Amino acid sequence: MSAPPLAAAEFLLSATDPARIGPCAAEAAFVGRSNVGKSSLLNAVCRKDIARVSNTPGRTRTINVFQVSHGRWLVDLPGYGFASGPQAERDGWGPMIEGYLTGRPGLRMVCALIDAKVGPTKLDLMMLKWLEAADLPWRAVATKADQVKPSRASAQRRDVAQALGLQAEDLAWVSAKDGLGLSGLRAELTVWLDS
């Protein structure tokens, strides 16, 4: 039985302790820097506002789970890097994210979000290295592609991909604002959740 469209996604739960999140058949997680646009992308992919979006980086402070269908989830993780909030709370995000990523047998893919205009930061590269070391499947997704001038887009995509050790075609190039690349990412997410 195939998964319903992503537009069927609904908020399921928030947690700070990964151990309190029950099992599921298949899930895909979104991870990235605090201001890379994870929540905006999640909303655009699902074609509705299910994740809270803020102008202040680091507003996602919990693991937020959205159910597409029974046992099929999309997961919005707290951002790393610059974020507002108490230092003690920020210090807990690393272990929370690691605990979630390493403890989910149903995790089919980690969408590692990179700012298309900025390119991968040192923290982004550290995250990808960690995902590889943990033997977790990941897909590089360049967000905010609308902020790259059209005349520069092809070269910028190639440069960002190269910095990640990828070919340009292996980097999803998307924009939550204008919909660029979203149909392809939706198709990939559907396949992962169906596996």
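Bear in mind these aren't lab numbers, they're just calculated from the coordinates by the rules spelled out. Keep in mind the model is a prediction, meaning the values are calculated, not measured. A quick note on method: Cβ atoms are made from the backbone with ideal geometry, for glycine too, and the neighbour counts reach across all protein chains shown.
Of note:
- P(r), alpha carbons of the stretch 93-142 - 10 Å bins starting at zero, rounded %: 23, 57, 19, 1
- Candidate lysines for bridging to Lys177, where Cα separation is under 24 Å - those fewer than 8 sequence places away on the same chain excluded: Lys38, Lys48, Lys117, Lys144, Lys149
- Whole-Å distance, taken between Cα centres, linking the stretch 5-32 and the stretch 140-192: 24
- Here the calculated FRET efficiency for Ala19 and His70, from their Cβ-Cβ distance with R0 = 30 Å, stands at 0.90, rounded to the nearest 0.05.
- DSSP bridge orientation in the chain - percent antiparallel, rounded to nearest 5: 35
- In the stretch 154-191, the trypsin sites (Lys or Arg not before Pro) that fall in loop regions by DSSP, at most 15 other Cβ within 10 Å: Lys177
- Pairwise FRET efficiency - Asp135 versus Ala155, Cβ, R0 = 30 Å, nearest 0.05: 0.35
- Estimated from helical segments only, the mean residue ellipticity of the chain at 222 nm is -10500 deg cm²/dmol, where each DSSP H run of four or more residues counts as -39500 (n - 2.57).
- Taking a sphere under 10 Å around the Cβ of Gln156 and counting the other residues whose Cβ falls inside, with K and R at +1 and D and E at -1, yields a net charge of +4.
- In this simple spin-label model, placing a label point 7 Å from the Cα along the Cα-to-Cβ direction at both Ser183 and Glu169 gives a separation of 1.9 nm.
- For the chain, the direction-averaged projected area of the alpha-carbon convex hull comes to 10.1 nm².
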